[in-house]
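The values are calculated or read from the model by the stated rules, or taken from the named source; none is laboratory data. For clarity, every value in this text was computed on a predicted model and none was experimentally measured. Virtual Cβ from ideal backbone geometry, glycine too; neighbours counted across all protein chains shown.
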Amino acid sequence: MTFQTTVYIPNLNGRRRLLPLLESLRRQTSPATVAVVDNGSTDGSQELLRGDFPEVELLEVGENVGFGPALNRAVGTIPGDPIVLLNNDVVCEPRFVEALLEPALAGVEMVAGVLLAEHDPRQIDSAGVIADRTLMGFDYLNGERREAAETAPAPLGPSGGAALFSRAAFDAVGGFDERIFLYYEDLDLALRLRAAGARCELAPAAAAVHAYSQTLGAASGAKYARTGWSRGYMLRRYGVMCRPRDALRVLAAEGVICAGQIVRDRTVAGLAGRLRGWRDAGGLPRRRAAAEGLSELGLGEALALRRARRGPR
């Protein structure tokens, strides 16, 4: 099997974060092509790349088209197999790429890396994505000690911030859903790949330090609007509300979450986003979520995971 590993990094005004990331990629034990797809930055990101990192392939989109759509354009334009995805706010350990490649060499279609919390790199920020039966998504192993990844089972799929996909599997499902501008796009991709028979493995040694929610902020109205849209879209696209038991759970959980945002953060952006996402999914073909890989979480457990994730990172 011939590999031409390419690391794809979406960027929007991330010049300050790009510098340490790209330097960490220069120190990798396994070489890879590095490609940055820029969503219309105005902070000098392009000049940094051309001047200090001439080996990096730069694809300029010219406007902010969103996380998944930008990556689709980069993957479609710049060759790479397997496909490695990284956020622009991470710093990779030297064996990051090498460790991701080990399961890929055995034919695994999805490999999840481990993102470590910037405020305490002994703690896991995310080791992939998981979801409950209503498709509420969570960062796998969030808050656990780094060592937990060494014995943990695989997640549903990788986080878009530290992921490997085989190109054949990625292309077979059409890559990211371009309707999803930001958030939940990695969960949606993982669900579609699972439904197509793809496997996921966790690579504990593929570690990178992550600065959480650097683009929109961890508890901002802008982030709530985007996450809300994606949640509403996913609920309708996967027919979750057609199952009475799950519909009741969704109404309870989303009611608590939106009420918390209104009371605590003085914003209805999350609720409005959910309504828009639900509307925009109307008339689209229904998708199927394979039961394999979904987590059995009680409502209380799910809400506790959401509360924990909201804390400062």
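Restricting the stretch 198-236 to residues that are out of contact with any helix residue (DSSP H, G or I) (no Cβ under 8 Å at 6 or more places or on another chain) and modelled with pLDDT of 95 or more, the residue that is surrounded by the most Cβ atoms within 10 Å (Cβ to Cβ) is His210. Residues of the stretch 147-162 that are touching a residue at least 12 places away in the same chain (Cβ under 8 Å) and farther than 16 Å from Leu116 by Cβ: Pro153, Ala154, Leu156, Gly157, Gly160. Taking the conditions (1) in contact with a helix residue (DSSP H, G or I) (Cβ under 7 Å, 6 or more places away or on another chain); (2) among the acidic types (Asp, Glu); (3) surrounded by fewer than 21 Cβ atoms within 10 Å (Cβ to Cβ) in turn, Glu57 satisfies each one other than (1). For Gln261, the conditions (1) under 22 Å from the mean Cα position of the chain (by Cα); (2) buried (at least 19 other Cβ atoms within 10 Å of the Cβ) all hold with the exception of (1).
Hey, any hits in the stretch 189-196 for a residue that's in the same structural domain as Ala289 (by TED's automatic domain parsing), farther than 30 Å from His119 by Cα and outside any strand (DSSP E or B)? Walk me through how you get there before you give the answer.
Start the filter on the stretch 189-196 by keeping residues that are in the same structural domain as Ala289 (by TED's automatic domain parsing), which leaves none.
No: the stretch 189-196 contains no residue that is in the same structural domain as Ala289 (by TED's automatic domain parsing), farther than 30 Å from His119 by Cα and outside any strand (DSSP E or B).
Residues that are under 23 Å from Leu303 (Cα atoms), in contact with a Lys or Arg (Cβ under 8 Å, 6 or more places away or on another chain) and either surrounded by fewer than 20 Cβ atoms within 10 Å (Cβ to Cβ) or modelled with pLDDT of 95 or more (or both) do occur in the stretch 156-168. Can we say Arg122 is among the charged types (D, E, K, R) and over 25 Å from Ala302 (Cβ atoms)? Yes.
Screening Ala131 with (1) more than 28 Å from Gly298 (Cα to Cα); (2) at pLDDT 95 or above gives one miss only, at (1).
Evaluated against (1) part of a helix (DSSP H, G or I); (2) without any contact (Cβ under 8 Å) to a residue 40 or more places away in the chain, Leu141 falls short on exactly one condition, (1).
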